[in-house]
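Down below is the structure, laid out as structure tokens.
The values are calculated or read from the model by the stated rules, or taken from the named source; none is laboratory data. These numbers come from a predicted model, not from an experiment. Cβ sites come from the backbone with ideal geometry, for glycine too, and all protein chains shown count toward neighbours.
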């Protein structure tokens with residue numbers, strides 16, 4: 001559990017390290033809001049490209065090797081960004097770092113599905129996913145201050161060195177007996193899953209929930225990508241304070257993943273889909289509130305809404321991965337999560353640029369409200385389809 005959570009902490013710290021640095025990057029490269037959105041899109045486009053192959057690799061090659069490979073590739077991409085003068089070159093290497101980032105989720109999720117039973121699986125997955133949120137929260141809280149001192153490029157280089165060291169260390173501290181134990185648990189657990197023999201790309205449940213998650217992912221990453229810039233542009237907060245608000249959002253997401261996961265194990269173990277719907281509706285409401293807040297809103301209220309947004313818009317993630325892993329079964333959990341995340345990441349690729357485009361051509365108010373309404377419509381269509389079935 002510590003290894004999985006720590007791995008996702010390193011990966012999350014590196015993957016979205018540029019998010020709190022976007023105000024610095026925008027000022028240095030003189031970029032529009034639309035161009036800023038392509039940072040996140042490039043990262044997750046890389047994750048889409050590697051999701052299915054690395055999921056297969058985790059099932060065949062093993063969890064520790066896949067984790068080490070992912071972190072090394074991710075850190076190389078980030079390290080090169082620190083010395084890249086051109087915007088297009090930076091975006092290319094953000095994509096390369098995304099290739100490594102895409103390996104982490106299938107590998108660590110497979111480990112959770114194998115090692116934990118239904119009564120604790122969503123909780124364990126949430127704790128693991130909390131590592132990602134804690135990593136992004138730490139980067140949001142720390143990196144802006146470092147960038148003020150050293151500049152955003154040297155800040156990115158330091159992150160790259162840190163992550164490559166963590167990747168190699170993780171490989172060597174992974175228990176040598178884990179492979180044997182994992183195989184035994186996997187064989188026992190697979191007997192309880194009738195869907196394990198079906199190819200993951202032919203499983204209608206996996207496809208259905210993966211496509212719905214496109215909209216959840218669009219809300220999550222559009223919100224977190226532009227939140228710091230939004231705080232600076234709309235509320236006139238300082239860049240450091242905007243980074244702290246982003247940290248609060250990520251902190252709410254970390255707490256939400258654990259609490260929603262435990263609630264799921266205790267009350268929704270056989271009906272995790274219902275809890276995902278409830279979370280989505282609350283997240284949509286927070287988007288609308290962010291859109292209708294006046295400029296002079298007290299910073300405490302802004303912080304509360306940002307925290308609840310993170311609690312829901314980020315907190316759903318572990319339940320989604322648990323649901324997909326349980327549908328597929330332990331033997332194919334790596335492939336299933338890789339496949340599902342690949343589809344869901346389409347929302348990450350398309351969401352932030354579209355949100356930025358909307359801001360450039362309308363305003364923040366309309367963009368936030370439209371984001372919330374989009375998620376409500378997606379959920380309503382989901383309930384309609386489920387009811388017909």
* Would it be correct to say that residue 135 is farther than 28 Å from residue 237 by Cβ and either in contact with a helix residue (DSSP H, G or I) (Cβ under 7 Å, 6 or more places away or on another chain) or buried (at least 24 other Cβ atoms within 10 Å of the Cβ) (or both)? -> no
* Can we say residue 186 is in contact with a helix residue (DSSP H, G or I) (Cβ under 7 Å, 6 or more places away or on another chain), more than 19 Å from residue 14 (Cβ to Cβ), modelled with pLDDT under 65 and in a helix (DSSP H, G or I)? -> yes
* Six or more apart or on different chains, Cβ under 9 Å: which pairs go from a residue in the range 328-349 that's on the phi > 0 side of the Ramachandran plot and in contact (Cβ under 8 Å) with a residue 40 or more places away in the chain to one that's buried (at least 24 other Cβ atoms within 10 Å of the Cβ) and in a helix (DSSP H, G or I)? Could you list them? => 329/113; 329/336
* Only one of (1) crowded, with 24+ Cβ neighbours inside 10 Å; (2) under 24 Å from residue 338 (Cβ atoms) is not met by residue 68, so which one is it? -> (1)
* Mind listing whichever residues of the range 28-61 are within 30 Å of residue 174 (Cα to Cα), at pLDDT below 80 and surrounded by fewer than 19 Cβ atoms within 10 Å (Cβ to Cβ)? => 56, 60, 61
* To do: Among residues belonging to the range 1-27 that are touching a helix residue (DSSP H, G or I) at 6+ places or on another chain (Cβ under 7 Å) and closer than 17 Å to residue 233 by Cβ, point out the one that is surrounded by the fewest Cβ atoms within 10 Å (Cβ to Cβ).
  => 26
* Which members of the range 78-89 meet the condition of being surrounded by fewer than 24 Cβ atoms within 10 Å (Cβ to Cβ) and assigned to a helix (DSSP H, G or I)? -> 79, 80, 87, 88, 89
* Can you name the number of the only condition in (1) modelled with pLDDT under 85; (2) in a helix (DSSP H, G or I) that residue 279 fails? -> (1)
* **All positions within the range 295-327 that are in contact with a helix residue (DSSP H, G or I) (Cβ under 6 Å, 6 or more places away or on another chain) and more than 15 Å from residue 122 (Cβ to Cβ)** => 303, 305, 306, 307, 308, 309, 310, 311, 312, 313, 314
* How many of the residues making up the range 94-153 are under 30 Å from residue 26 (Cβ atoms) and in a helix (DSSP H, G or I)? -> 36
* Do we have residue 168 as touching a helix residue (DSSP H, G or I) at 6+ places or on another chain (Cβ under 7 Å), under 20 Å from residue 10 (Cβ atoms), at pLDDT 75 or above and in a helix (DSSP H, G or I) here? -> yes
* Asked: Which of the residues that make up the range 324-346 are closer than 17 Å to residue 217 by Cα and crowded, with 24+ Cβ neighbours inside 10 Å?
  -> 324, 337, 338, 339, 340, 341, 344, 345
* To do: Kindly provide the set of residues from the range 246-268 that are buried (at least 24 other Cβ atoms within 10 Å of the Cβ) and either over 16 Å from the mean Cα position of the chain (by Cα) or under 11 Å from residue 126 (Cα atoms) (or both), ordered by number.
  => 253, 254, 256, 257, 260, 261, 264
